[in-house]
1. Using alpha carbons only, what's the Rg to Rh ratio of the chain with Rh from Kirkwood?
2. Could you tell me the calculated FRET efficiency between residue 22 and residue 102, based on Cβ-Cβ distance and R0 = 25 angstrom, to the nearest 0.05?
3. Between residue 83 and residue 215, what length in nm is gained on full extension when 0.36 nm per residue of separation is reduced by their alpha carbon distance?
4. Let's see if you can work this out: charge +1 on each Lys and Arg Cβ, -1 on each Asp and Glu Cβ, no other charges. What is the dipole magnitude of the chain about its Cα centre, in debye to the nearest 20?
5. Short version: ³J(HN,Hα) in whole Hz for each residue of the range 123-128, in order, from phi by Karplus 6.51 cos²θ - 1.76 cosθ + 1.60 (θ = phi - 60°), x for Gly and Pro, what are they?
6. What nm value, rounded to one decimal, do you get for the distance between residue 202 and residue 12 when each label is placed 7 Å out toward the C-beta?
7. How would you rank 156-168, 113-125, highest first, on the average number of other Cβ atoms within 10 Å across their residues?
8. Place the peptides 273-284, 191-202 in order of packing, highest mean first, counting for every residue the other Cβ atoms within 10 Å and averaging per peptide.
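We did not get these values from a lab; they are worked out from the coordinates using the rules stated. The shown structure was predicted, so the numbers you read here are calculated from the model rather than taken from an experiment. Note: ideal-geometry Cβ built from the backbone for every residue, glycine included; neighbour counts use all protein chains shown.
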Amino acid sequence: MYERYQLVLHSRQFEDIRRSFLNGRAAHAYIIEGPAGAGKRTLSKLASALIVCREKRACLDCPDCRRALLGVHPDVHLYSSEKRISVKDMRGLIEQSALKPYEADYGVYIVENAHTATAEAQNCLLKTLEEPPGDSIFMLLALNAGQLLPTVRSRCRLVRMTGFSDELIFRQLQALYPGEEKCRQAAQMAGGNIGRGVALIEKRELWELAALAERLCAEADSLSAAQAAEMLRGAKDKMDELLPLLEERLIRAGDVKSLARLGYVEDAVRRLEENVNPALALDGLAYYFTKGDSKWQKL
Ligand SMILES: [Zn+2]
């Protein structure tokens, strides 16, 4: 059951939270920021286990830790919504947080997609953060903390879920998929994102796109524009997934030519967002991608 927690359990981010609790310096509100798949929810679950653990250490073994991880502890509340978080949702949460915890010393309130909360909802939360109930701890999960009001941000401790090395991702994947041959390569292609590493192993289509990104980058100097265009066109309905993979691969390479190519990939992303004809955008990308510039020039 615990294999999937290993990466985050041993992360600097969790260690910081753990130490702050042990030293009595815990914050009453945290923002856990990071892209999808970065481990935000896992961190919030482990932190909630730490908070309610009867051993006071996230032993992951006592009934409190187990219930927290399973999402059934009466003092761990997870708010998750497909829609934007409205002021009504937020009021419900705040009313609940005013109640005493049932069993633990604190009630934990985890808000997923907190960055989608309306300004009104955030202002509502702000009042609680200004005068927090002493026995509630909030964890706001956000893709980008910049989308939260500065007044909310300033009252929370920010935890960024980034910076996992390929090696750490590899070890986590190995623990999850013992004997799986793709683990090493998936870790390299995951760009430090465990969710993507898992998806690469589980989703054949994503694996093939990553392999395509890998080939485009590795062979960019020898491919003709026509060859690159053909490769790109083969995945033209999957650009949402392919282009980020290309970007990550180029950032990882980090040499001047790769960074110039990165500029052209970003141009293509922008042009597709602006509804430029996809075939045109991809042909343009193929042309500049294979041209071998050492400096990106704005189109
Ligand atoms: Zn425990």
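1. On the way: Rg = 22.2 Å, Rh = 21.2 Å.
My calculation of the ratio gives 1.05.
2. Using R0 = 25 Å, I get an efficiency of 0.60.
3. Here the segment from residue 83 to residue 215 would lengthen by 43.7 nm.
4. Roughly 540 debye for the chain.
5. 5, 5, 5, 4, 4, 5
6. The modelled label-to-label distance comes out at 2.8 nm.
7. Sorting 156-168, 113-125 by mean packing, highest first, produces 113-125, 156-168.
8. Numbers: 273-284: 14.3, 191-202: 21.3.
Averaged packing, sorted descending, gives the order 191-202, 273-284.
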